[in-house]
1. Please state which one of MET156, MET136 is part of a loop (DSSP other than H, G, I, E, B), crowded, with 20+ Cβ neighbours inside 10 Å and more than 13 Å from the ligand (Cβ to nearest atom).
2. For segment 185-200, which positions are surrounded by fewer than 21 Cβ atoms within 10 Å (Cβ to Cβ) and closer than 13 Å to VAL68 by Cβ?
3. Kindly list, by first and then second residue, each pair from a residue in segment 55-77 that is closer than 16 Å to TYR230 by Cβ to a residue that is part of a helix (DSSP H, G or I) and among the hydroxyl-bearing types (Ser, Thr, Tyr), limited to pairs with Cβ atoms under 6 Å and residues at least 6 apart or on different chains.
4. Within segment 8-24, can you find the residues that are without any contact (Cβ under 8 Å) to a residue 40 or more places away in the chain and surrounded by 12 or more Cβ atoms within 10 Å (Cβ to Cβ)?
5. Please go through segment 67-85 and pick out each residue that is part of a helix (DSSP H, G or I) and either of a type in the set (Lys, Arg) or surrounded by fewer than 22 Cβ atoms within 10 Å (Cβ to Cβ) (or both).
6. Among the residues of segment 94-107, count how many are part of a helix (DSSP H, G or I) and either within 11 Å of the ligand (Cβ to nearest atom) or not hydrophobic (A, V, I, L, M, F, W, C) (or both).
7. May I ask you to list the residues in segment 139-151 that are more than 13 Å from the ligand (Cβ to nearest atom), buried (at least 16 other Cβ atoms within 10 Å of the Cβ) and over 11 Å from GLY99 (Cβ atoms)?
Amino acid sequence: MSEVNRLKEQIRHLEQRNIELTLLLESALELQSDTGSGKLPFTMTAIQTLIVALDSRDPYTAGHSSRVALYSLWIARQLGVPEVQCRQFHHAALMHDIGKIGVPDRVLLKADSLDDEEFSVMISHTTIGARILSKMEAEGEHVSASLVAKHHHEKMDGSGYPDGLKGEAIPFFARITAVADAFDAMTTDRPYAKGRSYYDGVQELLRCQDTHFDRQAVQAFAAVMAERNYLRSRSVLEYKDAT
Ligand SMILES: [Fe+2]
């Protein structure tokens, strides 16, 4: 790699890091402003305990949980969900992958693609998560964290898991989390692949609205990300290269 390319790569990495830290800060500010916002079904101590337990299994999920929760919160607000429910949802979305605690390392940490048996084990993180969270939440909450955990991998055309639910049969908050979750998965670097740009991530969500994702949730997310100026299609360097 030439010196120029190495520098470009470093700048790309720093730009990405800058975005991640901005999102982390926004997430921390949202959580901090929860204090005094009324009764929430899960205490922050309970949530943090669960998240620390999960992160100790799979370091990738550390930033993932907080970014997915933040994106989910933004979508819910954009859709006009009352603020008290938005707060409950933010907490629920933080724990959407908590069932991964029950997925063995050989599957959870595998870098290659999963075979059928491994995939069915991975799928179980949705039902395991729902089981864990159902023990903690009171009945009759507007936002059910266990339903979010259980159904955040369902798809609008019924091809998702664990229940193959279709369209509006998928719980509303799980449909929002699905958008946030897929976006973060697409735009995050993995050991085996570079993440896409945020612009490309939103384009992919738009391409898959109605088939995979709830159209309203995708449109709300695209609007929020544009408004917050996260959708510059290419980095400054790439713009320069193109001229
Ligand atoms: Fe998941």
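Since every read-out is calculated from the coordinates, none of them should be taken as a lab result. Predicted, not measured: the structure shown is a model, and the values here were computed from it. Don't worry about glycine lacking a Cβ; one is built from the backbone with ideal geometry, like all the others, and counts go over all protein chains shown.
1. Of MET156, MET136, the one residue that is part of a loop (DSSP other than H, G, I, E, B), crowded, with 20+ Cβ neighbours inside 10 Å and more than 13 Å from the ligand (Cβ to nearest atom) is MET156.
2. Result: ALA185, MET186, THR188.
3. Close Cβ pairs (under 6 Å, with a partner that is part of a helix (DSSP H, G or I) and among the hydroxyl-bearing types (Ser, Thr, Tyr)) amount to SER66/SER27; LEU70/SER27; SER72/THR177.
4. Correct list: GLU9, THR22.
5. ARG67, ARG77, GLN78, GLU83, VAL84, GLN85
6. The total comes to 6.
7. Once the filter is applied, which keeps residues that are more than 13 Å from the ligand (Cβ to nearest atom), buried (at least 16 other Cβ atoms within 10 Å of the Cβ) and over 11 Å from GLY99 (Cβ atoms), segment 139-151 yields GLU141, VAL143, SER144, ALA145, LEU147.
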